[in-house]
Amino acid sequence: MTVSLLGILILFVLVFLRVPVAFAMIGVGTVGFALLRSWKASFTLLGNTTFDTALSFTLSVIPLFILMGNLLTVSGVSHSLFAASHRLLRRLPGGLAMATVVACGGFSAVCGSSLATAATMSKVAMPSMRKVGYADSLATGAIAAGGTLGILIPPSVILIIYGIITETDIAKLFLAGLLPGLLGVIMYIGAVYVAVKVKPSLAPDGLQDHPLTKKDIWGVTTVVGLFAIIMIGIYGGFFTPSEAAAIGALLSLVIARVMGGLTLKGLMQVGLETVRPAAMIFAIVIGAEVFSNFISFAGLPDAILAFVQTLDVSAFVVIFALVLIYIVLGAVLESLSMILLTVPIFFPMILALDFGTGLLASPEAVAIWFGIVVVVVTEISLISPPIGLNVFVLRTILPDVSLKTMFAGIFPFWVADILRLFVLIAFPAISLALVL
Amino acid sequence: MEPQNDLNHPRQGLGLWQGLFRAMAYGSVIVMLGMTLLTSVDVIARYIFNRPISGAFELTEIGLALVVFLAMPLTTYSKEHVEVDLLSIPSSGTRRILLRLLAVVCVAGIFGFMAWEVWEHTEKLLKRGTVTNSLSIPLYLVAGVVALACAMSAVAAIIGLFKGDTE
Amino acid sequence: EELVLSSWLPPQHPIAQGVIQPWATSVEQVTEGRVTVRILPKPLGPPPAHFDLAADGVADITYGLHSFTRDDRFLRSRIGQFSFLGDSAETTSVAYWNVYSDQLDAQAEHEGVKLLGLFVHGPGMFHNNQRKIESADDFAGLKIRTPGGYIADLATDLGITTQFMGPGQVFEKLSTGVIDGVTFTMEALKAFKLTDHVTHAMHIPGGMYNTSWFLVMNEDRWEDISEEDKAAIESVSGAAFATLAGTVWDAADSAGAEFVTGTNVEVYDAPQEVLDAIKGFADKHEAAWADAVSATGFDGAAALTELRKQANP
Ligand code: NA
Ligand code: NA
């Protein structure tokens, strides 16, 4: 117990001193396990874990879904999504910002990463909004927040990783993310509406009427088609998530070739941009595995569970307390590290909580619902100051907009996110309706 | 992306390593594209010819290990491992050197231990003759590549110290 | 003395809940608390790694299947995988423990660990969603998941395309048509919720195949324990443990059979022609195995005869 708390403390110090998260976890996990057991056992376990994690069939979806998103980024379908959304919402106040949110949601349906969604959509939506005089704050806020939908609307790299470390069915997690993702789109549109009503200067009036081109229609059709193939494929029982990822990547390759003029050189470049984050993610998965072996051996999850049981409070109170911890942690931690650092500690306790006889009666339902809650909290962390990765990504693309402006623009979306989080906790049915 | 001198150390001689890391990463890309094709063909073969590709499962597993670890040295060299940047690193001075040394010692040291231990694992797999279920692919070959790639990543972490941070 | 046990089955699984946990408790009781067993909330590696986790001293105690280890370390253990061994997991498990330990020196094959227990599950069946197997030709072309080892070879002989995957993936692969069926026990139809995706469950008297399991403890840790406590632990391990595990499997199979009765799955006994075909290939494999075993200085054929005799009292 003391060893594991000390380990967690050292982990946070190392992470603060800029040791990459994966290696701080591996280092602390290995040394901690050695102190509890032996150096020989701990090093053997490190070798085993490294090799066994790499040879894992379910993890193969990660590079393939990243590849699919990256190929679609170069295919230019994001322009079509934005044009179509704008066509739909052009008469509403702040219509371009709303269109940005909807297009982000659309791109999320074929891209598993929030950072990639935000980066892709910023290149498309930002110039259009600037041209008609939208405030930079609202424009960047809509992109940064809309981008977070990438990890909630399936496919989602974060849900895959959550599924793997908690042994929860990935197909069910994907389905569970769908309605909360749509709710996110609707609430973000509401946030734009309220923001523009309060401060009309954010989005100057002026109807932009651009009829859709043939290419736009094709672009939207391919995205909708690809999403349909993936979802019908997985839920109609035609193929597994891993197979969906491969087929999605292959179709995206064709789309990128036909619509984006992808060359062989371009393909290799996209490939490099895929395998590098994949390697990074795996280092972190190995780190989480090594670290959680240590804390599980040290008995920390059992101790936390015992502690929570002595408090004798309802399961929902525990969840609310956890969510508060997550929001605080999310302000300072990067999303992937946050999930990997915390889920191994909290998950066994969550499963042991008693949620009564309703929708959350089975451990599987609790695991799925908690996964969605964790992902929504992670979305919030992506846009919370001081460390909001989506904001940082925008900053590298739009160096002339200050962080202060961006975080100010994000505020209405952040409020919408917090509201959505509480709605999802209060009504597990939104996450579980399609699954159970 | 322009590399800059760090710790006043000359960059000569690093070109070969960089080239090697890059070549391995390209290998990773090719394996990944191969996996994409293999899985897609497997699905098509199943529906059209009612005959899946035998061993597709284990080829995917092995492919994934290769994709990840062949890309690891370049990822490490380019400092793409996630850091929490609450504390900003000054562009020069003792504080910078200490902070970067701590990170490099951790990353290179851990990759070194990983290489060592996976190599021990490789020897065990070789001695016992462990093979995959359907295609009987000797697993020590895969473990050997993983061990080697970990060692390369340790090197990548060290020589990455002498180039500037990627922004 | 606290011993750490790494368990890879979900905590609600009959073996985890009904065998491993009670055994851990009884160790504590018979040693009057001098030796306790702590089951980790999370396994220290994937299932196939578990034998080596104990041998290498990463964990103190582990359990698992011999067939997960894809090398030749457990040649003689395969006596527990053949066809027609026995209809009851309880008697077959006890017979497996007795015969494999006495006549085939099971401990010698489990290098680096103290062998605490051995068991098998109930008779292995043949489940599929394509057709009722009425002649040996009906096997041809089916895509079937097997756990590897003997049953994979037997299935190949029967013209089956065998597929390998973790047991947890069977549901998904059955529902997506990647596989047409699976060799499993009756219990598994319920445990893995397969009844919507299986139409025919064929029972083979004595089992089409079986799987052999071990319970082991790191050798050095075992030597650290006092002679008195060693004897106490052995009294609740070995044959007693085989009885416990077999009883739990049998109960799970009964519950599975009851569950399947209420579904559309047709359960039937294999016709004589199918049995004859299986027997033909089975004899070949048993003879090849006995040859390999005799090269190590043991009489495999005699042991197998003895195992069948003890398993069918
Ligand atoms: Na997505
Ligand atoms: Na944050």
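The values are calculated or read from the model by the stated rules, or taken from the named source; none is laboratory data. Note that the coordinates shown come from a computational prediction; the quantities given were computed from them, not determined experimentally. Counting neighbours? That spans all protein chains shown, and the Cβs are built from the backbone with ideal geometry, glycine included. Heads up: the accessible areas ignore ligands, DNA and RNA and are worked out on the full protein's heavy atoms, side chains in. Shrake-Rupley method; radii C 1.70, N 1.55, O 1.52, S 1.80 Å.
Some notes on this structure:
- Selection over the stretch A:341-387 of residues that are in contact (Cβ under 8 Å) with a residue 12 or more places away in the chain, over 27 Å from B:Ser88 (Cα atoms) and assigned to a helix (DSSP H, G or I) gives a count of 26.
- Each residue in the stretch A:28-49 was checked for being more than 11 Å from chain B (Cβ to nearest Cβ), of a type in the set (A, V, I, L, M, F, W, C) and open to solvent by 10 Å² or more (accessible area, probe 1.4 Å), and 2 of them qualify.
- Strands (runs of 3 or more DSSP E) wholly inside the stretch C:1-75 containing at least 2 residues that are open to solvent by less than 10 Å² (accessible area, probe 1.4 Å), within 14 Å of another protein chain (Cβ to nearest Cβ) and within 16 Å of C:Val216 (Cα to Cα): C:2-6, C:61-65
- Residues in the stretch A:311-336 that are within 11 Å of ligand 2 (Cβ to nearest atom), surrounded by 14 or more Cβ atoms within 10 Å (Cβ to Cβ) and within 14 Å of chain B (Cβ to nearest Cβ): A:Leu329, A:Gly330, A:Ala331, A:Val332, A:Leu333, A:Glu334, A:Ser335.
- Among the criteria (1) within 16 Å of ligand 1 (Cβ to nearest atom); (2) hydrophobic (A, V, I, L, M, F, W, C); (3) more than 14 Å from every other protein chain (Cβ to nearest Cβ), the one A:Trp369 does not fulfil is (1).
- Within the stretch A:225-256, being among the hydroxyl-bearing types (Ser, Thr, Tyr) and open to solvent by 20 Å² or more (accessible area, probe 1.4 Å) holds for one residue alone: A:Tyr235.
- Hits in the stretch A:372-389 - residues which are within 14 Å of ligand 1 (Cβ to nearest atom) and away from chain B (no Cβ under 14 Å): A:Ile372, A:Val375, A:Val376, A:Glu379
Rundown of residues vs (1) in contact with a Cys (Cβ under 9 Å, 6 or more places away or on another chain); (2) small (Gly, Ala, Ser); (3) at the interface with chain A (Cβ under 7 Å from one of its Cβ atoms), yes/no style:
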position	(1), (2), (3)
B:Val41	no, no, no
B:Arg46	no, no, no
B:Ile53	no, no, no
B:Ala65	no, yes, yes
B:Phe69	yes, no, yes
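- Residue list for the stretch C:77-108, filter: in a helix (DSSP H, G or I) and open to solvent by less than 20 Å² (accessible area, probe 1.4 Å): C:Ser77, C:Ile79, C:Gly80, C:Gln81, C:Ala89, C:Thr92, C:Ser93, C:Ala95, C:Tyr96, C:Val99, C:Tyr100, C:Ala106
- Of residues in the stretch C:135-151 being open to solvent by less than 10 Å² (accessible area, probe 1.4 Å) and part of a helix (DSSP H, G or I), the one nearest to the other protein chains (Cβ to nearest Cβ): C:Ile151
- Hits in the stretch A:97-142 (condition: within 16 Å of ligand 2 (Cβ to nearest atom), farther than 19 Å from A:Leu182 by Cβ and not hydroxyl-bearing (Ser, Thr, Tyr)): A:Leu115, A:Gly141
- Residues that are within 14 Å of ligand 1 (Cβ to nearest atom) and under 14 Å from A:Ile380 (Cα atoms), drawn from the stretch A:142-157: A:Gly146, A:Gly147, A:Thr148, A:Leu149, A:Gly150, A:Ile151, A:Leu152
- Among the residues listed as B:Leu87, B:Leu59, B:Leu33, the single one being open to solvent by 20 Å² or more (accessible area, probe 1.4 Å), at the interface with chain A (Cβ under 7 Å from one of its Cβ atoms), within 30 Å of C:Glu172 (Cα to Cα) and of a type outside the set (Ser, Thr, Tyr): B:Leu33
- Checked against (1) open to solvent by less than 10 Å² (accessible area, probe 1.4 Å); (2) at negative phi, A:Gly94 passes all but a single condition, namely (2).
- Filter result for the condition that a residue is within 11 Å of ligand 1 (Cβ to nearest atom) and away from chain C (no Cβ under 14 Å), over A:Ala116, A:Ala97: A:Ala116
Table: residues versus (1) open to solvent by less than 50 Å² (accessible area, probe 1.4 Å); (2) of a type in the set (Gly, Ala, Ser).
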{"residue": "A:Ala367", "(1), (2)": "yes, yes"}
{"residue": "A:Val377", "(1), (2)": "yes, no"}
{"residue": "A:Pro385", "(1), (2)": "no, no"}
{"residue": "A:Asn390", "(1), (2)": "yes, no"}
{"residue": "A:Lys404", "(1), (2)": "no, no"}
{"residue": "A:Ile410", "(1), (2)": "yes, no"}
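- Filtered residue count, the stretch A:146-182, keeping only those that are away from ligand 2 (no atom under 16 Å from the Cβ) and assigned to a helix (DSSP H, G or I): 24
- Residue, nearest to the other protein chains (Cβ to nearest Cβ), within the stretch C:174-189, restricted to residues that are within 27 Å of C:Val248 (Cβ to Cβ) and not hydroxyl-bearing (Ser, Thr, Tyr): C:Leu174
- Criterion applied to A:Phe82, A:Phe57 was being open to solvent by 10 Å² or more (accessible area, probe 1.4 Å), more than 16 Å from ligand 1 (Cβ to nearest atom), of a type in the set (Phe, Trp, Tyr) and closer than 25 Å to A:Pro200 by Cβ, and the one residue passing it is A:Phe82.
- Yes/no for A:Lys172 being of a type outside the set (Gly, Ala, Ser), within 14 Å of chain C (Cβ to nearest Cβ), open to solvent by 10 Å² or more (accessible area, probe 1.4 Å) and more than 13 Å from ligand 1 (Cβ to nearest atom): yes
Residues checked against (1) in a loop (DSSP other than H, G, I, E, B); (2) free of Cβ contacts under 8 Å to residues at least 40 places away in the same chain:
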position: C:Gly122; (1), (2): yes, no
position: C:Gln130; (1), (2): yes, no
position: C:Met165; (1), (2): yes, yes
position: C:Glu172; (1), (2): no, yes
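- If the condition is being away from ligand 2 (no atom under 13 Å from the Cβ) and either among the basic types (Lys, Arg) or outside any helix (DSSP H, G or I) (or both), then the stretch A:388-402 contributes A:Arg395, A:Leu398, A:Pro399, A:Asp400, A:Val401, A:Ser402.
- B:Arg100 passes every criterion in (1) under 24 Å from B:Gly144 (Cα atoms); (2) open to solvent by less than 20 Å² (accessible area, probe 1.4 Å) apart from (1).
- Conditions (1) touching a helix residue (DSSP H, G or I) at 6+ places or on another chain (Cβ under 7 Å); (2) open to solvent by 20 Å² or more (accessible area, probe 1.4 Å): number failed by C:Gln169: (1)
- Residues that are open to solvent by less than 10 Å² (accessible area, probe 1.4 Å) and at pLDDT 85 or above within the stretch A:272-284 comprise A:Leu272, A:Thr274, A:Val275, A:Ala278, A:Ala279, A:Phe282, A:Ala283, listed in sequence order.
- Residue within the stretch C:191-214 that is out of contact with any Cys (no Cβ under 6 Å at 6 or more places or on another chain) and assigned to a helix (DSSP H, G or I) present: yes
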